[in-house]
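The values are calculated or read from the model by the stated rules, or taken from the named source; none is laboratory data. This structure is a prediction, so every number in the text was calculated from the model and none was measured. As a convention, Cβ positions derive from the backbone with ideal geometry for all residues, glycine included, and neighbour counts pool all protein chains shown.
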Amino acid sequence: MPFAVTTPAGHVVRLDDVPLSDLTNIAKEAGLDTWAKLLTEPLRDGAAAEAVYRYCCDTTGDTPPEKITPKLVVAAFNWVEDDLPDTFQGGLPKAGDDQATSGSSGAPSDTTGPPPFHAP
């Protein structure tokens, strides 16, 4: 579950889609010891939050406001749910429905049982 940044024009950039090399550079320039902090705590450091916000604006072609305020970045950074299929609950597979599948059983569809025995 990553953070995403919404730019002034409404573009949404998921931080887990940003190239790792770019996250590493942003983290280093902001004085962070690891890029992972940008994914888990992008608002903890002001310089990092501003750099990530400006990066997201640059990559989408948006012009960021001249002044980047706490109000602006807090509203722009949002926690997003994974977009994976909803097949697990609490880390365990959900109970399956008894739905028929369209797959084959392996037997030809025009038979009623095993082939008759023929002596050699």
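Can Val13 be described as crowded, with 16+ Cβ neighbours inside 10 Å, within 18 Å of Val74 (Cα to Cα) and in contact (Cβ under 8 Å) with a residue 24 or more places away in the chain?
Yes.
For the condition at pLDDT 95 or above and either closer than 29 Å to Val18 by Cα or of a type in the set (A, V, I, L, M, F, W, C) (or both), what is the one hit in Phe117, Phe88, Phe77?
Phe77
The rows are residues; the columns are (1) in contact with an Asp or Glu (Cβ under 8 Å, 6 or more places away or on another chain); (2) in a loop (DSSP other than H, G, I, E, B); (3) at pLDDT 90 or above; (4) within 30 Å of Pro8 (Cα to Cα).
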residue	(1), (2), (3), (4)
Leu32	yes, yes, yes, yes
Ala51	yes, no, yes, yes
Asp62	no, yes, yes, yes
Lys71	no, no, yes, yes
Leu84	no, yes, no, yes
Gly96	no, yes, no, no
Ser102	no, yes, no, no
Gly106	no, yes, no, no
Ser109	no, yes, no, no
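Output the number of the condition that Arg44 fails; it satisfies all remaining conditions of (1) loosely packed, with under 12 Cβ neighbours inside 10 Å; (2) among the basic types (Lys, Arg); (3) within 16 Å of the chain's Cα centre (by Cα).
(3)
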